């Protein structure tokens with residue numbers, strides 16, 4: 001009887017254990033905790049040092065250069081041209097024209113141009129009157145000098161012409177021969193003179209006709225401004 005009770009108890013215990021095992025909850029696995037990460041140092045990009053303010057003088061120069069660059073994009077300003085103006089009647093007329101051009105803003109340079117003579121003449125200067133001139137002509141003929149005549153009128157009236165030559169050398173030889181014979185002859189160039197001219201740097205748009213009107217010059221030609229500036 002006791003044995004049967006023990007066996008029954010064991011059976012009940014086994015059934016209880018089996019029921020507990022079958023009915024127990026499945027343990028839920030907890031998610032692993034994230035590993036702690038060490039704090040990191042983030043480097044920011046280097047910042048440029050603050051620029052010092054530009055000095056006023058440099059700022060003005062920069063603005064002026066920018067303005068000039070802007071002007072260069074527009075129409076180019078034509079360079080002035082060099083002209084020669086002349087010949088003038090005399091130095092006074094040339095100087096008056098020079099002042100007018102200078103007042104217009106032109107650069108002006110004065111110069112003289114020697115004009116080659118057309119020839120040379122040998123003569124005796126005017127005598128006191130026509131009678132004295134005729135007497136001198138008679139003396140010349142008596143000395144064997146036939147190539148001569150008395151000048152009848154003009155500024156040289158009562159002078160005695162003694163020959164005309166193409167160049168100076170034969171004219172001077174004629175003078176020496178006459179002086180050896182006792183006559184105070186002279187040699188002078190014919191038509192040779194010094195003409196007043198101007199060289200000027202003027203606005204390229206100024207017409208030649210306007211320059212002649214403004215200055216009274218007889219002609220307008222290409223000038224020699226570089227030579228004039230070097231000489232000045």
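The values are calculated or read from the model by the stated rules, or taken from the named source; none is laboratory data. These numbers were taken from a predicted model, which means no experiment stands behind them. Cβ coordinates were reconstructed from backbone atoms using ideal geometry, including for glycine residues, and neighbour counts include every protein chain displayed.
Per the listing 121, 128, 81, the residue uniquely over 30 Å from residue 168 (Cα atoms), at pLDDT 85 or above and either surrounded by 12 or more Cβ atoms within 10 Å (Cβ to Cβ) or not assigned by TED's automatic domain parsing to the domain that holds residue 209 (or both) is 81.
The lone criterion from (1) touching a residue at least 60 places away in the same chain (Cβ under 8 Å); (2) buried (at least 18 other Cβ atoms within 10 Å of the Cβ); (3) outside the structural domain of residue 204 (by TED's automatic domain parsing) left unmet by residue 98 is number (3).
Only one entry in 217, 205, 200 is closer than 16 Å to residue 94 by Cβ, in a loop (DSSP other than H, G, I, E, B) and either touching a helix residue (DSSP H, G or I) at 6+ places or on another chain (Cβ under 6 Å) or not assigned by TED's automatic domain parsing to the domain that holds residue 135 (or both), namely 217. Filtered by the rule that a residue be part of a helix (DSSP H, G or I) and touching a helix residue (DSSP H, G or I) at 6+ places or on another chain (Cβ under 6 Å), the stretch 108-144 gives no residues. Applying the set (1) modelled with pLDDT under 55; (2) within 21 Å of the chain's Cα centre (by Cα); (3) assigned to a helix (DSSP H, G or I) to residue 102 leaves exactly one unmet item: (1).
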